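The values are calculated or read from the model by the stated rules, or taken from the named source; none is laboratory data. Note that the structure is predicted; figures quoted are calculated from it, not measured. All Cβ positions, even for glycine, are placed from backbone atoms using ideal geometry, and neighbour counts span all protein chains on display. With ligands, DNA and RNA removed, areas are computed over all heavy atoms of the protein, side chains included. Shrake-Rupley method; radii C 1.70, N 1.55, O 1.52, S 1.80 Å.
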Amino acid sequence: MSSEHPTRPEDFDLYALGALDDAERKEFESHMATCADCAEKLAAARGRIAILAFAAPPVAPSPGVKETLMRQVIASAEGPGGSGARVHPGRAEDGGVFARWWAVLLPVAGAFALATVLLWLHGEQLDRQLADLRNTVEQQKQELAETRHQADLIAARETLVVPLWSQKGMPDVHGEGHARVLYNSKEGMMTYDGWLPSAPADKSYQLWLVPMNGAPISAGVFNPKNGEMSHMMMKLPAGVTAKAFAVSLEPAGGMPQPTGPMVLVGPTS
């Protein structure tokens, strides 16, 4: 932690509670000495701990504890011979009694504050795990819905399977690829599945729908990794009928209209 920021948000609270071991504490303090942002987070953590400590409810000792303490204080004040100033309960001079009471109450309050903070940290961790789980479930739902939609598209009578073929004369850097488009003009849907080698660092592949009339329409930009299939699904603009589909190599991020070489091309008929 001396060269990097603490990786766990709870480290600030654990340090403020004195719950880090010696090695972690030294690394933490070494980093705090040179990092203003982390020092600010530590100050906030100390503030949280202080609030929790003050929020701890008062713990009243049992009557038996109070009696025992009073007898010990009175016996100590009278001395072996029984003489000396008597200590009266409730007076200001009974400083020893209050000191003993604080000796009992402070550890209890501290333990309560520590338990509260640890429970809070555990709750934060559970909240993060729950959020990650919800995101995973939502992603799986979307993937399942897309798979079902694609299955319906394949089964539909109006769906065309349009193979996309590699174009001759392409530079060797692009290699050869193969792909297909499932196209349903009635539903206004299309999907692309295909393989292409990775594009150069400053380039992206872009899928185009070539309509019967007008300029090509971008159907998505993708950057595949070698050996991995690319998959896209797209809702087509209303009233557009495709006569072909194509994949071109464009500047990274894609272009409004094709500018690069056509890598894959396939007519609908």
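Test residue 199 against the criterion of being touching a Pro at 6+ places or on another chain (Cβ under 9 Å), over 16 Å from residue 185 (Cα atoms), of a type in the set (A, V, I, L, M) and in contact (Cβ under 8 Å) with a residue 60 or more places away in the chain, and give yes or no.
no
Filter the stretch 257-269 down to residues that are without any contact (Cβ under 8 Å) to a residue 60 or more places away in the chain and in contact with a strand residue (DSSP E or B) (Cβ under 7 Å, 6 or more places away or on another chain) and give me whichever is surrounded by the fewest Cβ atoms within 10 Å (Cβ to Cβ).
259
Restricting attention to the stretch 218-250, which residues are outside any loop (DSSP other than H, G, I, E, B), under 17 Å from residue 204 (Cβ atoms) and open to solvent by 50 Å² or more (accessible area, probe 1.4 Å)?
221, 231
Being within 29 Å of the chain's Cα centre (by Cα), modelled with pLDDT under 90 and in a helix (DSSP H, G or I) is the requirement here; does residue 132 meet it?
Answer is yes for this residue.
Specify which of the listed residues (143, 138) is within 36 Å of the chain's Cα centre (by Cα), farther than 22 Å from residue 266 by Cβ and modelled with pLDDT under 70.
So the residue among 143, 138 that is within 36 Å of the chain's Cα centre (by Cα), farther than 22 Å from residue 266 by Cβ and modelled with pLDDT under 70 is 143.
Residue under question is residue 248, and the condition is that it be among the hydroxyl-bearing types (Ser, Thr, Tyr) and either within 32 Å of the chain's Cα centre (by Cα) or over 29 Å from residue 145 (Cβ atoms) (or both); does it hold?
In short, yes.
Pull out all pairs, ordered by first then second residue, where Cβ-Cβ is under 8 Å, the residues are six or more apart or on different chains, the first lies in the stretch 6-33 and is buried (at least 17 other Cβ atoms within 10 Å of the Cβ), and the second is of a type in the set (Lys, Arg).
If the second residue must be of a type in the set (Lys, Arg), the pairs left are 12/41; 13/48; 15/25; 16/46; 16/48.
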